[in-house]
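The values are calculated or read from the model by the stated rules, or taken from the named source; none is laboratory data. Please read all numbers here as calculations on a predicted model, not as lab measurements. All Cβ positions, glycine included, derive from the backbone under ideal geometry; neighbour counts span all protein chains shown.
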Amino acid sequence: MKLRQTINLILIIKFILKQNKQLRRVKIKIQKLKENKEGSALSTHSYFSNNLSKLKKYQEAIKCYEKAISINPKESAWSNKDKLINNSGATLHKLKNYKDAVQCQDQALSIYTKSIRLKRKGTPLLIQFQYS
């Protein structure tokens, strides 16, 4: 029993250290982006929101996506706004907020159509259909 508890504790510590290491990398990257004046606010929020989502900090990621989307007023395939909205929808899907996830995918699809976006829209629709 003691050996198993020790192994579990070691695994938990390794996981925490890995999370902290990733977070340190994100903070360093954000500092570098802040030093670069060109598009730093949009780049910073975009980078930070993607990494928060990877770290499974979905609520914080959604807030950063919203900030990045508000910074980027252009609605064209070249503006990356569609990517931000698409990633926001994917994060909302992870939070099981399917209605808002579908709305985000619709908005991203209206800017630029891609097959992955169609899939990301279809998955929450199927889940909603199954439980309705």
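Yes/no matrix, rows are residues, columns are (1) at pLDDT 80 or above; (2) closer than 30 Å to Gln19 by Cα:
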position: Asn51; (1), (2): yes, yes
position: Tyr58; (1), (2): yes, yes
position: Cys64; (1), (2): yes, yes
position: Ile69; (1), (2): yes, yes
position: Ala77; (1), (2): no, no
position: Ile85; (1), (2): yes, yes
position: Gln103; (1), (2): yes, no
position: Lys114; (1), (2): no, no
position: Thr123; (1), (2): no, yes
Filter segment 88-132 for residues that are charged (D, E, K, R), in a helix (DSSP H, G or I) and surrounded by fewer than 18 Cβ atoms within 10 Å (Cβ to Cβ) and give the result.
Lys94, Lys99, Asp100, Asp106, Lys119
Every pair of residues 6+ apart whose Cβ atoms lie under 9 Å, when the first sits in segment 13-25 and is modelled with pLDDT of 75 or more while the second is part of a helix (DSSP H, G or I):
Gln22/Asn51; Gln22/Lys54; Leu23/Asn51; Arg25/Asn51
